[in-house]
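One structure is given here, and the rest of the page talks about it.
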Amino acid sequence: MLRRAVLAVGRALGWALVGMLLVGAVLFIRFLRSGPELEPWHRARLDEEFTVARADEVRTIADYRALEGRLFAELDREVYAETEPEDRLPFNRYFRGSQSDPATWPHNWNSTWEHAPAAPPAIPAARPGSAGREAWAPSRAKVYRPARWRMTRTRNACKMPATNRGGAA
């Protein structure tokens, strides 16, 4: 009799918990849907973005920069032009002339840029002390394979060969 009462109370508490979870989920969904309307920068569907489908048409950095230019023009039409007057705040990134607008800075770091060296690195013409007899280059055996290591194809693990070919043991 006591066992039956405990089971009934447990079952009632379990169903009450399930009901509270369902009510909580419904209230949470209503809370999420009651937020403000989405802004133009949330709703914009930009067609000029780089996607996998466009990988064949974008082969060089110049191709990518041309696509990026079309994307920024579309962004101007779809987002910047649609920004409401009440959203034109000093720090709104999507308001032309705001402090967060990348176009107000000397360089627009939101666009693609290339950092190239001013000049190629200098390479000495001759090994020190050789008086120009041979081009300066370190010995491959000393730099690239100091102990005659080789890669095996089985597990891409480095293994030392059984014999040290060409060197002292």
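Laid out as a table, the results:
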| read-out | value |
| --- | --- |
| Extreme residue, nearest to Pro85 (Cα to Cα), among residues of region 12-44 that are among the aromatic types (Phe, Trp, Tyr) and without any contact (Cβ under 8 Å) to a residue 24 or more places away in the chain | Phe31 |
| Residue in region 109-128 that is assigned by TED's automatic domain parsing to the domain that holds Val52, modelled with pLDDT of 85 or more and small (Gly, Ala, Ser) present | no |
| Residue check, Ala44 under 26 Å from Trp113 (Cα atoms) and not acidic (Asp, Glu) | yes |
| Positions within region 45-68 being of a type outside the set (D, E, K, R) and free of Cβ contacts under 8 Å to residues at least 12 places away in the same chain, in sequence order | Thr51, Val52, Ala53, Ala55, Val58, Thr60, Ala62, Ala66 |
| Helices (runs of 4 or more DSSP H) (entirely within region 1-116) containing at least 3 residues that are surrounded by 13 or more Cβ atoms within 10 Å (Cβ to Cβ) | 61-75 |
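The values are calculated or read from the model by the stated rules, or taken from the named source; none is laboratory data. Fair warning: this is a prediction, and the values are worked out from it, not measured in the lab. Cβ coordinates were reconstructed from backbone atoms using ideal geometry, including for glycine residues, and neighbour counts include every protein chain displayed.
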